[in-house]
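*Asks:* For reference, the structure I am asking about is given below.
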Amino acid sequence: MKIFLKPCPVCYGHTAAMFTEEGAKVVRCVNCGCACAAQATEEAAADAWNKRKTLGDRRYTKIKYSDKGVYIAYQQGAGFVNEYTAKCTEEPAPNFLEALKDLRQFVIEMCELPEDYIDRITVKSVSLNYGGEADTMGATISASMELYNSNAPLNINTPNKPEMPYNPDQEWDEKTCLTEECVFAIRKLVLVAEEYLSGVRQQTSLFEVEKNSGQGETVPPKVA
């Protein structure tokens, strides 16, 4: 059985590794040192690591960029019951656009397109969902592809795939799960979206933020 380790819940790096410490198994991030509790087996240590929650209380559900600006949807609060959207016309920093561009390769792979189509692909958004005991992340990448004989591009959605099986007893399979490289690239996009909400962009501006739960009042985005 292949052991799959989620990115670090603290630094979001794809830097988790299995260690043996005093006869027990521990998963530890080699970048920041974050670790799970010691377990008797590698499988138990991986399960404990994968169930760890992130330090922040914000969970992203959509990250989108278009000629209208940046759109970010996220959930927040205990049980992630509050839903927010943030829309802004300010251009993002270059690393935001690079993170989107890096996802083109996975559109090619999941949609089984020829490699030389990559320059015709523009990634528009990533939709994220969460399921299973460990709130396992799933993702769909939306993109457009330039067509030579049409005035409009072809819209493409990748199949929705989780980062690891929702059922812990099921083995990891590339047909049903995202590759480790794709998970890393999506986590990178989440990080730059977090930075964008914190004000990192080409210029400083105010957000228009809508709260979609409760009374629907408008509130500023909370920065973790």
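FYI, it's all coordinate maths here, none of it is from the lab. Predicted model, so just to flag it, every value in this text is computed and none were measured. Please note: Cβ atoms are built from the backbone with ideal geometry, for glycine as well, and neighbour counts cover all protein chains shown.
*Asks:* What ³J(HN,Hα) values, in whole Hz, does the Karplus curve 6.51 cos²θ - 1.76 cosθ + 1.60 give for the range 64-70 when θ = phi - 60°, with x put for Gly and Pro?
*Replies:* Result, ordered by residue: 9, 9, 8, 5, 8, x, 9 Hz.
*Asks:* May I pose another question? Please give the peptides 110-118, 82-90 ranked by average Cβ packing (other Cβ atoms within 10 Å per residue), highest first, as a rough proxy for protection.
*Replies:* The most tightly packed comes first, giving 82-90, 110-118.
*Asks:* Another one. Nearest 0.05, what FRET efficiency do ALA78 and GLN170 give at R0 = 30 Å with Cβ-Cβ as r?
*Replies:* 0.55
*Asks:* Arranged by the count of other C-beta atoms within 10 angstrom, fewest first, what order do ASP47, ASP169 take?
*Replies:* ASP169, ASP47
*Asks:* Over 20 Å between C-alpha atoms is what I'm after, so list which of LYS64/LYS161; LYS68/LYS124; LYS6/LYS161; LYS6/LYS101; LYS62/LYS101 land there.
*Replies:* LYS6/LYS101
*Asks:* Treating the beta-carbon of each Lys and Arg as +1 and of each Asp and Glu as -1, no other charges, what is the dipole magnitude of the chain about its Cα centre, to the nearest 20 debye?
*Replies:* That gives the chain a dipole magnitude of about 600 debye.
*Asks:* May I have the convex hull volume per residue, in Å³, for the Cα set of the range 116-192?
*Replies:* 106 Å³
*Asks:* Between ASN151 and ASN95, what length comes free when the chain is fully extended (0.36 nm per residue of separation minus the Cα-Cα distance, one decimal in nm)?
*Replies:* Stretched out fully, the ASN151 to ASN95 stretch lengthens by 17.2 nm.
*Asks:* Given H placed 1.01 Å from N in the peptide plane, which residues other than close sequence neighbours of VAL27 have an amide H under 5 Å from its amide H?
*Replies:* PHE19, CYS36
*Asks:* Now for a different question. For the chain, modelled as a Gaussian network with Cα springs under 10 Å, which listed residue fluctuates most, LYS62, LYS51, LYS161?
*Replies:* Highest fluctuation of the listed residues: LYS51.
*Asks:* If you take the beta carbon distance between ALA17 and SER198 as r and set R0 to 30 Å, what does 1/(1 + (r/R0)^6) give as a FRET efficiency, to the nearest 0.05?
*Replies:* According to the calculation, E is roughly 0.55.
*Asks:* Now a separate question. Count charges around ALA40 for me, please; just the other residues with Cβ under 13 Å from its Cβ, Lys/Arg as +1, Asp/Glu as -1.
*Replies:* -4
*Asks:* Right, something else. With the convex hull built on the Cα atoms of the range 58-211, state its orientation-averaged projected area in nm².
*Replies:* Mean orientational projected area (the range 58-211, Cα hull): 10.0 nm².
*Asks:* Moving to a separate point now. How long is the gain from ILE3 to ALA24 if the chain were fully straight, where each residue apart is worth 0.36 nm and the alpha carbon distance is subtracted?
*Replies:* So the extension gain works out to 5.9 nm.
*Asks:* Show me the ranking of peptides 65-72, 151-158 by mean Cβ neighbours inside 10 Å, starting with the highest.
*Replies:* 65-72, 151-158
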